[in-house]
Amino acid sequence: MLLLSSSLMPPGPPWHYWRAGHPDVKEMSMARGTTLALPLHFHQEDQLAFILSGCRHFLIAGQPVHLTAGQALLIPAGTPHISQDDDPARVGQTLCLNLYLTPGLPLDQADCAALIQHCLGDRPSHVHLAAPPRLPLPMQDMSLTTSIQSLAQQANMSREAYSRRFQRHYGLSPQTFRLLQQLNHVKTQLRAGVGSLQAAMEAGFADQSHMGRLFRRTFGTTPGRYRAGPLPR
């Protein structure tokens, strides 16, 4: 099992990440507390969230998904989502664990439940499957150096029209999408052992401190703590 004991979780930011020794699980994360909410973001991997205690609320493409203890949710790679807290006076502390999977695995509810049981020794009572976003405009596979103007030209649109349609269909602006892509690129570099400064520069950030603040706000931990990663038990 690849479980990190919640009693051993170090102090600091609520989210803690570590690498998993499973061919389909790139990494795992765990958080425990009453304020685990994260702003709009997405991952380059498929995310399988499992609630061990308490509850969490997700907002995906404007649709709410409510998870209680024992339930899980599969969020496809590249899907923008928001996670929200419930009233701590009513639900107490929430303990949540995420598996970040190789994107595009053909997983159904039974597959997800079996993977959680294999990694954690606990089987979810129900698994929700979020639909992957439908992106009608070129953006998902662009490089970090491709300009928004170039993407608009590829779509035979003005920059303003492209941005409006992107916002309407995807729920965030092209500029925000680009920023989240940069942060995910930083994650990939840190996971490979690259230092924070070099990772920030390669992702296109001019200021390492600015990248660090955005990274912590988006992923719930600092770049340095993410790069080190606590060991699973």
As a test of understanding, state the convex hull volume per residue of region 41-86 from its alpha carbons, in Å³. 62
Table column - 3J(HN,Hα) (Hz), region 208-216, Karplus curve with 6.51, -1.76, 1.60, x for Gly and Pro: 5, 5, 4, 4, x, 5, 5, 4, 5
To the nearest 0.05, how large is the calculated FRET efficiency for Ala161 and Gln63 if R₀ is 30 Å and r is the Cβ-Cβ distance? 0.70
Top positive-direction residue, dipole computed over the chain with Cβ charges, set Ser29, Gly78, Thr176: Thr176
Give the accessible area for Arg164 in Å² (nearest 10); use a 1.4 Å probe, count only protein heavy atoms, and leave out ligands, DNA and RNA. 150
Unit charges on C-beta of K, R, D, E only; dipole of the chain, Debye: 460
Any idea of the accessible area per residue across region 9-79, 1.4 Å probe, to the nearest Å²? 34
At a Förster distance of 45 Å, what's the computed FRET efficiency of Ala131 paired with Met201, Cβ-Cβ distance as r, to 0.05? 0.80
When Cα extents along the principal axes in Å is calculated directly from the model, which label among [x] 70, 43, 35; [y] 51, 38, 36; [z] 50, 42, 37 fits? [y]
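The values are calculated or read from the model by the stated rules, or taken from the named source; none is laboratory data. As the structure is a prediction and not an experimental result, all values here were calculated from the model. Every residue, glycine among them, receives a Cβ derived from its backbone with ideal geometry; neighbour counts consider all protein chains shown. These area figures cover heavy atoms from the full protein model, side chains too; ligands, DNA and RNA do not enter into them. Shrake-Rupley method; radii C 1.70, N 1.55, O 1.52, S 1.80 Å.
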